[in-house]
Amino acid sequence: MDRDERRDFVRRHRTAVFGYGRKSDGPALSIVYYVMDGDDILVSTMGARAKAKAVRRLGKVSLCVLDEQWPPTYLVVYCTARVETEPSAVVDLMMRIAGVMAGKEMPDAVRPMVVEGARREGRVVLRLTPYSTF
């Protein structure tokens, strides 16, 4: 794949394995849904979770973007990462991720529930900026 094909691959998919270095015991991996913001990849998580703590500590993560079709194909994306906490950005991302998961855009009627969930769970945005792919 050339650079444009790799960028398109990431844009066309929605799930990835999120990887980061743990303080001990080797890397941690978890499955996440994501959306794009320009060339950045956005992931929603709770601020107290290990993913957010690792981003604050390391500033670098990897994603293995998955093609959900058989035979499985993937693209590993190395990213610089930061945590964003602005409440409206957190809720907007949660609405977008819920839409990706549901396969359709979320109606504005659910926004108040999402706002409450974001507050209760201490949600944050992980903004990942790709710098290399494999």
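The values are calculated or read from the model by the stated rules, or taken from the named source; none is laboratory data. None of the values given here were measured: they were computed from a predicted structure. Glycine gets a Cβ as well: all are built from the backbone with ideal geometry, and neighbour counts include every protein chain shown. Calculation scope for accessible area: heavy atoms of the full protein, side chains included, ligands and nucleic acids excluded. Shrake-Rupley method; radii C 1.70, N 1.55, O 1.52, S 1.80 Å.
Overview of results
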| quantity | calculated |
| --- | --- |
| Selected residue [of a type in the set (S, T, N, Q), touching a Leu at 6+ places or on another chain (Cβ under 6 Å) and either buried (at least 17 other Cβ atoms within 10 Å of the Cβ) or free of Cβ contacts under 8 Å to residues at least 40 places away in the same chain (or both)] from 44, 62 | 44 |
| Residue in the stretch 66-79 that is more than 19 Å from residue 30 (Cβ to Cβ), open to solvent by 30 Å² or more (accessible area, probe 1.4 Å), over 14 Å from the mean Cα position of the chain (by Cα) and modelled with pLDDT of 95 or more present | no |
